Amino acid sequence: MAHQHNEHREPQGHGNKHGDEHGTEQGHRHGHHHGHTDIDWAVMAPLLESQAELFAPLYERAMAWLAKEVTEPGLIVDTGSGPGVVACLFAETFPGARVVAVDGSEPLLERARARAARLGIADRFTTVAGELPGSLTELDYPADLLWASNALHHLGDQRAALAAFAERLAPGGTLALLEGGLPARFLPRDIGFGRPGLQARVDAVEADWFTRMREDIPGSVAVTEDWPALMAAAGLKPARTRSFLLDLPAPVSDRARAYVVASLTRLRESLEEGLDAEDLATLDRLLDPDDEASVHHRSDVFVLKAHTVHTAVRTG
Ligand SMILES: C[S@@+](CC[C@H](N)C(=O)[O-])C[C@H]1O[C@@H](n2cnc3c(N)ncnc32)[C@H](O)[C@@H]1O
């Protein structure tokens, strides 16, 4: 059951991935205590929101790139929108468009509507709450642009979801998938203590976590993550692929530093089982606000991250 509205409604339940477990994710940084992979998206709200705000310049460049093939869209659908930072950026980038944010988490959509109201765009911003991809049937019109950012990989049958996404496109409409890229880097290889190369080892542990997360989704189907090929299999014509960089060199702003602290805190909590004692001790030092060598204080902290966007068009 999905619900479409542009005003506040009471939160609803959306299955076990939306509200009954503790969990984390930051872009591709996911995690959970005790090896579980369920994610409580409502708990993630502040983190998702501040992360998307920090990444706004990256999204704006991706949108400028999209605008070359998507001219004057009437309806943009942000699938798995989360708290709506990107959905609102779409509304600002395409002032002639209506934007619908679709997500399984009503608390996140509540934030999206509040943001749209703050930005003065509530008149062309609506939300649909419900499990994807089924909730897309609630849309009144086909989409000229359907965007899904780090959302598809949370759906069990990604092929079936892509077919459902394709069905909701208007003829000539574009599907834009943000999936993959490069893991974030925050620190030099050698930070002066611990074994050099901490972030590379964290990446490996996260990759295994991600595999477990996928396997644990009800109805999970394994696929080769060749996104253009999967979009072609859904009947679309693959168009372009490009990666966008967020490059915030040292010295970073307080906001970027807070993002690094939040990211490493989540990693420390969620990947504990995969890292050895030396790396855990290094993470503890990096997160200790009283330690001058921690990411709270050190001068060499930076943020470098790439997101890849793939587009495909509905030709018929
Ligand atoms: C990693 S967040 C991405 C949020 C946003 N698109 C971004 O890039 O910042 C994944 C989003 O997908 C939503 N989601 C995950 N599984 C879902 C499902 N089965 N049905 C509907 N939404 C789902 C979550 O509520 C969450 O908002």
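The values are calculated or read from the model by the stated rules, or taken from the named source; none is laboratory data. Not measured: the values here are computed from a predicted model. So basically every Cβ, Gly included, is an ideal-geometry build from the backbone, and we count neighbours across all protein chains shown. To get the accessible areas, we keep the full protein, side chains included, count just its heavy atoms, and leave off ligands, DNA and RNA. Shrake-Rupley method; radii C 1.70, N 1.55, O 1.52, S 1.80 Å.
Accessible area per residue for the chain, computed on protein heavy atoms with a 1.4 Å probe, is 42 Å². Distance between the 7 Å Cα→Cβ label points at residue 201 and residue 170: 5.3 nm. What relative contact order, as a whole-number percentage, does region 36-313 give when Cα pairs under 8 Å and 6 or more residues apart are counted? Once normalised by length, the contact order is 20 percent.
Between the listed residues 135, 47, 119, the Cα displaced farthest toward the positive end of the dipole of the chain, a dipole computed from Cβ unit charges relative to the Cα centre, is found at 119.
With the simple model of a label 7 Å out from the Cα in the direction of the Cβ, residue 291 to residue 71 spans 5.6 nm.
Share of the chain's accessible area from carbon and sulfur, percent, 1.4 Å?
52
The charge dipole of region 36-313, taken about its Cα centre with unit charges on the Cβ of Lys, Arg, Asp and Glu (plus for the first two, minus for the last two), comes to roughly 1000 debye. Return the Rg/Rh ratio of the chain with Cα-based radii and a Kirkwood Rh. Dividing the radius of gyration by the Kirkwood radius yields 0.97.
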